[in-house]
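Worksheet: one structure, shown below.
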Amino acid sequence: MRYLPLSGTDRSAMLARIGVPSIDDLFADIPKRLRVKGLDLPRAAGEMSVERTLGRLAAKNVPASTVPFFVGAGAYKHHVPASVDHLIQRSEFLTSYTPYQPEITQGTLQVLFEFQTQVANLTGMEVANASMYDGSTATAEAVLMAHRVTKRKKAVLAGGLHPHYRAVVETTSAMAGDSVVALAPDPAGTEDILAAIDGETSCVVVQSPSFYGHLIDLAPIAEKAHANGALLVAVFTEVMSLGLIEPPGAQGADIVVGEGQSIGNPLTFGGPYVGLFATRQKFVRQMPGRLCGETVDAEGRRGFVLTLSTREQHIRRDKATSNICTNSGLCALAFTIHMTLLGEKGLGRLARINHANAVELAEMLVEAPGVTLLNDSFFNEFTLRLPKDAAGVVEALAARGILAGVPVSRLEPGRPDLGNLLVVASTEVNTVEDRTAFAAALQEVLA
């Protein structure tokens, strides 16, 4: 626990310097309905008393590992081998940070080189960078990159793109003065993406599996995009799916981005995570972030170097491809170690277990009265249409010790037509008993 020795005078001076009258004004951008009005805490207490008080508050949370857990929608609970945590805590790795200078240790550079190789192989692309903040910011950076490549300013976002990813792209594009055409949410997986692509399109951004779980055939979208001089940006939020489905690169994608949290990294209350970014060799000089390259020294010995570090700290700001200043290098390390332990065959087996668990769960849940499955195909996540408000059903199931999924209304507020949709994920950590408990509880709630 940190002790911050600031007096009232100190805080007043800081507020005066930045030009706001009170600390509350610093939170003006947060909607009032989302602000905590305050905790009933004493003004002063001993350290042990504070620890006990905060411990009691923390105990009100329900850890994902203590109950049947089916929450996904961009962050997934997978088993991370104990060896991953052991290895990343070794002294030579524990303070691992995305390197700024080429003289960083060879070990760190080699790990990032291996990471890039793994990401390129997973995505079916020719080159990958040394990671990004997370999947959403990687998607926004991919759109900016496509604008640079095509010299155009309009991005088309498919209706199956994760709402948070869409919001990050829209925010970034607004700041850059770029145009975004965001198609309506597509829970049925039936939208006509091709019709939205025209001669002014810079890129079309398509997520597969989509936010609603649908598997999208990217090949015809890539063909239409290329015919119009645009790029296809393929997005994923569940990297585990790449162990089973055809890589986006093989389907014609020009840029592939997504979230790598599922491999090596726990949920950790939403971060830090690890963004993956890969592209074609011909676009490498427009790719944001950094690359680690393999070379030989003056004596012919194998070595690794930073290369193409085209960010604002390395070249003039107006020439940089990205203003990303760092990322979570330790998360990339965890990804690399877990991926190495799995290997190609292990990842494939794990992906098949995920898919099989999800199929079995979907078959059980549609037996509940009034429940409809919206997916013809999916990996480990699917969308249900319920006969009641999905948020209320989730709360009722949580009261029964089941964390049942994510109501679409939570991420798409203001859309009453989506209020009865529930996105459900099932990974290798879900047991037969978990799935049975979920199905039985859903029957009770909907009865």
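Condition check ((1) out of contact with any strand residue (DSSP E or B) (no Cβ under 6 Å at 6 or more places or on another chain); (2) aliphatic (A, V, I, L, M); (3) on the phi > 0 side of the Ramachandran plot) across all residues:
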site	(1), (2), (3)
T117	yes, no, no
A128	no, yes, no
M132	no, yes, no
A140	yes, yes, no
R152	no, no, no
L157	no, yes, no
G160	no, no, no
P163	yes, no, no
Go through (1) crowded, with 19+ Cβ neighbours inside 10 Å; (2) modelled with pLDDT under 95; (3) among the hydrophobic types (A, V, I, L, M, F, W, C) one by one and return the number of the condition A447 breaks.
(1)
Return the residue satisfying two criteria in turn: it lies in the stretch 138-155 and is surrounded by fewer than 24 Cβ atoms within 10 Å (Cβ to Cβ) and touching a Leu at 6+ places or on another chain (Cβ under 9 Å), and of such residues it is farthest from G199 (Cα to Cα).
V149
Does L342 count as modelled with pLDDT of 95 or more and in a helix (DSSP H, G or I)?
yes
Looking only at the stretch 308-329, and only at residues there that are modelled with pLDDT under 70 and under 19 Å from the mean Cα position of the chain (by Cα), the one that is surrounded by the most Cβ atoms within 10 Å (Cβ to Cβ):
N327
When G346 is run through (1) surrounded by fewer than 16 Cβ atoms within 10 Å (Cβ to Cβ); (2) over 25 Å from G264 (Cα atoms); (3) small (G, A, S), the failure sits at (2)
Kindly indicate whether any position in the stretch 119-128 is modelled with pLDDT under 95, surrounded by 24 or more Cβ atoms within 10 Å (Cβ to Cβ), under 18 Å from A253 (Cβ atoms) and in the same structural domain as G271 (by TED's automatic domain parsing).
no
Condition test on V366, is it buried (at least 23 other Cβ atoms within 10 Å of the Cβ) and in the same structural domain as R352 (by TED's automatic domain parsing)?
no
Regarding the stretch 399-409, can at least one residue be identified that is more than 24 Å from the chain's Cα centre (by Cα), more than 13 Å from V71 (Cβ to Cβ) and hydrophobic (A, V, I, L, M, F, W, C)?
yes
For the stretch 46-62, pairs from a residue that is free of Cβ contacts under 8 Å to residues at least 60 places away in the same chain and of a type in the set (S, T, Y) to a residue that is surrounded by 11 or more Cβ atoms within 10 Å (Cβ to Cβ) and part of a loop (DSSP other than H, G, I, E, B), with Cβ under 9 Å and 6 or more apart or across chains, are T53/L41; T53/A45
Picking from T98, T108, which residue would you name as being in a helix (DSSP H, G or I), at pLDDT below 90 and among the hydroxyl-bearing types (S, T, Y)?
T108
List, please: which pairs have Cβ atoms under 6 Å, are six or more places apart or on different chains, and start with a residue in the stretch 295-320 that is within 17 Å of T108 (Cα to Cα) and of a type in the set (V, I, T) and end with one that is surrounded by 12 or more Cβ atoms within 10 Å (Cβ to Cβ) and modelled with pLDDT under 85?
V305/P102
Considering (1) in contact with a helix residue (DSSP H, G or I) (Cβ under 8 Å, 6 or more places away or on another chain); (2) modelled with pLDDT under 90, say which one K32 fails and leave the rest.
(1)
May I ask you to say which residue of A58, A146, A44 is among the small types (G, A, S) and under 24 Å from the mean Cα position of the chain (by Cα)?
A146
Looking only at the stretch 222-238, count how many residues are surrounded by fewer than 24 Cβ atoms within 10 Å (Cβ to Cβ) and in a helix (DSSP H, G or I).
5
If only one of A278, A356, A253, A332 is outside the structural domain of N129 (by TED's automatic domain parsing) and at pLDDT 90 or above, which one is it?
A356
From the set of residues in the stretch 401-444 that are farther than 27 Å from P266 by Cβ, surrounded by fewer than 21 Cβ atoms within 10 Å (Cβ to Cβ) and not acidic (D, E), which is modelled with the lowest pLDDT?
G414
Of the residues in the stretch 243-289, those that are surrounded by fewer than 24 Cβ atoms within 10 Å (Cβ to Cβ) and either among the polar types (S, T, N, Q) or part of a strand (DSSP E or B) (or both) come to Q251, T268, Q281, Q286
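The values are calculated or read from the model by the stated rules, or taken from the named source; none is laboratory data. This is a predicted model, so every value here is computed, not measured. All Cβ positions, glycine included, derive from the backbone under ideal geometry; neighbour counts span all protein chains shown.
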